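Structure, as structure tokens:
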């Protein structure tokens, strides 16, 4: 990954982030229905920079340099397309207007434009899976290939989703301005879901490259902070989502061993957890506690906080975690919550109590085919001494596990299972 | 002859006409390209004399006839040039081989020693 090397004189991800900033600024000025024209213009401006900057040195105001080049590209494109673009305004007027505003790179204004673009991505006319692809392209500056790699989707699928978003926006000459907080508030849940999905794609995806996954988490946090700093994002669930993202990121590196193998929470070296990030996460969680609203982000952040603050695995407040999973289930019902609650209850009251909860659950068929369902049952049966059932479930989990790292982890558990003396079998032998 | 030879070398960067202007790459790739060129120029700072890139616009005069575009008929197009001031052709080759497109099969870089006839 060439971009991991620091670039002399430029911040990390400068080109990628500058792409997002400039496309956002230009799309506000010229309309989101012209977003593709703005993307092409910014792409050209960056290409010019690559050709010119190494020789001439970095300009004093890099952003203004790029903006001027991109702006001229947009205006040139508009002039060329004037005959076919019926919505074309008076281009000379536009040129005069945009050319004289030297204060365009007021940091706040640029931030607002990016935030507005985040809300544009959440336009209800755009299908959900296209919203994420669009945000990654426009706001994070990733190419179609890079998005495909990050979301583990085919290049063609990503391209189609991107086109669907663009064509939905083609008819949207009037997207809400950031000042219309009331109008934007209705899109806030969709915006949060985009950020949440970006984050979880990075945090738990099957993509084996950790740096690539970490980058997605960083992007979700960057956009989340942009949202949180603006009045439109002054909602407790925004702080809750940021808390969740920080508390999870703090543990990102400790989830794997020295050779890239996956570690269970129990096996993780807690001294590797980033205390600074945990502190930030906890303070966001305090901020999220104002008001009456309790969202899934609140519940998930509170669970993450319990893990982060527990001095050891054994000293974790499992009763509290079990209670939080129940609360999560009341705001965002899913049998996965019960699965997680069973794990907490097993730690708290023993494997039999956890198993009782799972055996009582009317599991839908999709859950029965889910590898974590079998992995959990297998582990709880192993701990309760039923190695026969444990082996059945762990084997099934192993077959369905999506990544090599997870397969390796399950293989280790299976080995532990056959190594441990089978109490059930012993009992039978004694009595037989 | 040898007395008038300059120690300057003109380097003409040619690319396959089909692939130039350079195909759009992602911002992330562009940052990597920038870093690579910058690192190359810094490394050979004392010997490199900055040249320039060439835009696609231009004209060709041939036998009094003017055609526009430098690459209408050619398979390769000169996209940029730079000058190297150094001790030998071997050294100039070494420097060019180390540049970011030095190993790119779509690029060819012609190195010509300046005659120094202009004094």
State whether the residues of the range B:28-35 include one that is at pLDDT below 90, surrounded by 15 or more Cβ atoms within 10 Å (Cβ to Cβ), within 14 Å of the chain's Cα centre (by Cα) and under 30 Å from residue A:142 (Cβ atoms).
-> no
Exclusive hit being surrounded by 17 or more Cβ atoms within 10 Å (Cβ to Cβ) and at negative phi, set A:303, A:336 = A:303
State the number of residues belonging to the range A:1-11 that are more than 7 Å from chain B (Cβ to nearest Cβ), part of a loop (DSSP other than H, G, I, E, B) and either modelled with pLDDT under 85 or over 21 Å from residue A:61 (Cβ atoms) (or both).
-> 3
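Per-residue answers, yes or no, for (1) farther than 16 Å from residue B:12 by Cα; (2) touching a strand residue (DSSP E or B) at 6+ places or on another chain (Cβ under 8 Å); (3) part of a strand (DSSP E or B):
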| residue | (1), (2), (3) |
| --- | --- |
| B:36 | yes, no, no |
| B:39 | yes, no, no |
| B:42 | yes, no, no |
| B:51 | no, yes, yes |
| B:87 | yes, no, no |
| B:93 | no, yes, no |
| B:99 | no, yes, no |
| B:102 | no, yes, no |
| B:110 | no, yes, yes |
When you go through (1) touching a helix residue (DSSP H, G or I) at 6+ places or on another chain (Cβ under 8 Å); (2) within 14 Å of chain A (Cβ to nearest Cβ); (3) within 25 Å of residue A:10 (Cα to Cα) one by one for residue B:49, which number turns out not to apply?
-> (1)
Candidates A:42, A:35, filtered to the one that is modelled with pLDDT under 95, buried (at least 23 other Cβ atoms within 10 Å of the Cβ) and either under 24 Å from the mean Cα position of the chain (by Cα) or more than 8 Å from chain B (Cβ to nearest Cβ) (or both) = A:35
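The values are calculated or read from the model by the stated rules, or taken from the named source; none is laboratory data. Treat the numbers as computed from the prediction; the structure is a model and nothing was measured. Every residue, glycine as well, gets a Cβ built from its backbone with ideal geometry; the counts of neighbours run over all protein chains shown.
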